[in-house]
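First comes the structure, then the notes that go with it.
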Amino acid sequence: SYMLVNSSQYGAGQRAQLMLRPLSENDTHCVQFSYFLYSRDGHSPGGLNVYVRVNGGSRGNAVWNV
């Protein structure tokens, strides 16, 4: 499966959240993604943070950011 988000029409400071379906607990999983960060002014494209939430916890663990 795949997801694509185009946030070019949104203003600075807005956030998006993508969620995958729950994965089975006893399997090994690999999530691959590509990203492109761009800003109109060429200097401040914002950030991308990836979190993993385990066992339905209330807060995800940060696993990657740029």
* Structure fact -> For the stretch 26-45, the count of residues that are exposed (fewer than 10 other Cβ atoms within 10 Å of the Cβ) and under 19 Å from Val5 (Cβ atoms) equals 6
* Within the stretch 23-46, can you find the residues that are touching a residue at least 24 places away in the same chain (Cβ under 8 Å) and within 15 Å of the chain's Cα centre (by Cα)? -> Tyr35, Leu37, Gly46
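Could you list, in sequence order, all residues of the stretch 1-25 that are among the hydroxyl-bearing types (Ser, Thr, Tyr) and surrounded by fewer than 10 Cβ atoms within 10 Å (Cβ to Cβ)?
Within the stretch 1-25, Ser1, Tyr2, Ser8, Ser24 qualify.
Just to verify a result, which residue in the stretch 46-60, among those that are surrounded by 10 or more Cβ atoms within 10 Å (Cβ to Cβ) and either modelled with pLDDT of 85 or more or hydrophobic (A, V, I, L, M, F, W, C) (or both), is nearest to Asn26 (Cα to Cα)? Reasoning before the result, please.
If we filter the stretch 46-60 for residues that are surrounded by 10 or more Cβ atoms within 10 Å (Cβ to Cβ), which is where we start, we get 46, 48-53, 60.
Those still in the list that are either modelled with pLDDT of 85 or more or hydrophobic (A, V, I, L, M, F, W, C) (or both) too: 48, 50, 52.
Working: Leu48: 28, Val50: 21, Val52: 16 Å.
Among those that are surrounded by 10 or more Cβ atoms within 10 Å (Cβ to Cβ) and either modelled with pLDDT of 85 or more or hydrophobic (A, V, I, L, M, F, W, C) (or both), it is Val52.
The values are calculated or read from the model by the stated rules, or taken from the named source; none is laboratory data. No experiment lies behind these values; they were computed from the predicted model shown. All Cβ positions, even for glycine, are placed from backbone atoms using ideal geometry, and neighbour counts span all protein chains on display.
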